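The values are calculated or read from the model by the stated rules, or taken from the named source; none is laboratory data. Fair warning: this is a prediction, and the values are worked out from it, not measured in the lab. Cβ placement follows ideal geometry from the backbone for every residue including glycine, while neighbour counts extend to all protein chains displayed.
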Amino acid sequence: MDSIALRSVDGLRHIWLDPGVTQQYYPLTHTIFWLEYPLRGLHPLGYHLVNMVLHGIT
């Protein structure tokens, strides 16, 4: 994913309205990444833990 879309406030709009901004159009997944990026940066452990929690909930 283009990390510019994760780092900018306008990136959220691009995630939902511009299917070409990411390699695959998964706007909900990329929105979660967008929300997590300011907290975790590019460290994968936090993303993995959130992913496991979301899978457990479903």
Selection over the stretch 23-58 where residues are surrounded by fewer than 14 Cβ atoms within 10 Å (Cβ to Cβ) and either in contact with a Pro (Cβ under 8 Å, 6 or more places away or on another chain) or among the basic types (K, R) (or both) yields a count of 1
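Assess whether G20 counts as being surrounded by 12 or more Cβ atoms within 10 Å (Cβ to Cβ) and either at pLDDT 90 or above or not aliphatic (A, V, I, L, M) (or both).
The answer is no for G20.
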